[in-house]
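Novice: Take a look at the following structure, please.
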Amino acid sequence: MKTIFISCFHPYIARNILSTRALSMLAADRDTRIVIFVPGYKKTYFENTFGRPHVIIEGIDFQAPSSFRQSSLVMK
């Protein structure tokens with residue numbers, strides 16, 4: 001089985017790739033699995049809009065990067 005990963009973190013990806021016939025054509029092949037990575041808070045929307053057999057929607061939750069500071073490196 002082939003797996004195709006698509007990241008969709010920008011609205012243009014949804015409009016220019018997923019909203020076209022490309023997704024339907026790829027999903028029509030029973031030997032292909034499509035995994036779409038989306039922001040966690042949009043997972044339900046993408047499942048309702050683009051969900052179909054052989055298409056898996058995975059929500060990714062991002063956290064802001066934490067700043068790392070070692071007190072031994074800070075000059076006082």
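The values are calculated or read from the model by the stated rules, or taken from the named source; none is laboratory data. This structure is a prediction, so every number in the text was calculated from the model and none was measured. FYI the Cβ positions are ideal-geometry reconstructions off the backbone, even for glycines, and counts take in every protein chain you see. Each accessible area value is taken on the protein alone, full model and side chains, heavy atoms only, with ligands, DNA and RNA left out. Shrake-Rupley method; radii C 1.70, N 1.55, O 1.52, S 1.80 Å.
Novice: Kindly provide the set of residues from segment 7-35 that are over 11 Å from the mean Cα position of the chain (by Cα), over 13 Å from residue 56 (Cα atoms), not in a helix (DSSP H, G or I) and not acidic (Asp, Glu), ordered by number.
Specialist: Result: 19, 20, 30.
Novice: Give the residue that is nearest to residue 2 (Cα to Cα), with candidates limited to residues of segment 30-66 that are free of Cβ contacts under 8 Å to residues at least 24 places away in the same chain and of a type in the set (D, E, K, R).
Specialist: Taking the candidates together, the pick is 58.
Novice: For residue 60, are the conditions met, namely being open to solvent by 60 Å² or more (accessible area, probe 1.4 Å), at pLDDT 90 or above and among the β-branched types (Val, Ile, Thr)?
Specialist: Spelling it out, it is not the case that residue 60 is open to solvent by 60 Å² or more (accessible area, probe 1.4 Å), at pLDDT 90 or above and among the β-branched types (Val, Ile, Thr).
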